[in-house]
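Nothing in this text is a laboratory measurement; each read-out follows from the coordinates by a stated rule. Nothing here was measured: the structure is a model prediction, and the numbers come from that model. Note that each Cβ is placed from the backbone with ideal geometry, even for glycine, and that neighbours are counted across all protein chains shown.
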Amino acid sequence: MRALPRAIDRTGRGRRVARGGTTGDARARARRNTVGHFGSKVVKVLVIEDEKKIASFVRKGLEAEGFMVEVSHHGDEGYTLATSRPYDVAVLDIMLPGRDGLSILRNLRDRKIPLPVILLTARSELNERLEGLNLGADDYLTKPFYIEELVARIHAVTRRATGAPQGILTVGDLSMNLLTREVKRGETAIELTPREFTLLEHLMRSPGRVLTRAQICERVWEYDFDPGTNLVEVYIQRLRKKVDAEAPVKLIETVRGVGYRLKPRP
Ligand code: CA
């Protein structure tokens, strides 16, 4: 019997999740799976993360998807690798022994090394996240995360044409700037609270895909789902008022009995 795949929580402990996949015979899957390829080329990922359990979760998850992965647990070593070997993308933790993640990023950009960087940040590290985007990080992921989310981010940054705007999510005429935290529907600015912003960000990351109430609770509020709560409904209602009420096309859809999603092609 196959074990359920795991996500990683902030302490680095494995947590069972009902979707995604990081278990099974990773090598066999890597051979037949083409997710980690860009064209016919294997995507090489450098992971700089000192928390060994998280690093190993990321390695296993990415290798199972066909990526080639190298891990460093130390900032100085990681920086040396990033500057001396040809990777397609770096996944970079912020708090590290030796050089910290933001210094690594700053040094790479100072040396005009265009290696795409995805930052791994704790939810409390909002300032670091913004500083990272300012320094030229391509995207970020907040711990805890699902391996599929990291895979999607890696594909987005490796696919992104040079010169495409960074850190901006768009669905139809709705846009979200992750750096300035501006949200606009057409030309109209929308004011959101931090929670509303995070909820909308999750919906905008995967337009068309349904997020269940439990997934929303876990990602936006970081706690286990209490089926009795109507927290999610309340926040969805607020978002609808701000995002959809004045617009002819309603973007936020309810999928009855399942959850919510953004209309993929408005
Ligand atoms: Ca760390």
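Structural remarks
- Chain lengthening between Thr188 and Glu253 when straightened (0.36 nm per residue, less Cα-Cα): 21.3 nm
- Derived scalar couplings between HN and Hα for the stretch 128-134 equal 5, 4, 5, 4, x, 5, 4 Hz in order, rounded to whole Hz, by the Karplus curve 6.51 cos²θ - 1.76 cosθ + 1.60 (θ = phi - 60°), x for Gly and Pro.
- Subtracting the Cα-Cα distance of Thr83 and Val234 from their residue separation scaled by 0.36 nm leaves 49.6 nm.
- Values of log10 I(q)/I(0), in the order q = 0.27 Å⁻¹, for the stretch 67-135 under a Debye, Cα-only, solvent-free model: -1.39
- Point-to-point label distance, Lys52-Asn177, nm (Cα→Cβ direction, 7 Å offset): 4.4 nm
- Here the gap between Thr158 and Asp226, fully extended at 0.36 nm per residue and compared with their Cα-Cα distance, gives a gain of 20.7 nm.
- For the stretch 168-262, alpha-carbon Rg relative to the globular expectation (2.2 N^0.38 Å, N residues): 1.02
- Formal net charge of residues neighbouring Arg213 (Cβ-Cβ distance under 13 Å; K, R +1; D, E -1): -1
- For the stretch 192-241, convex hull volume per residue from C-alpha positions, Å³: 71 Å³
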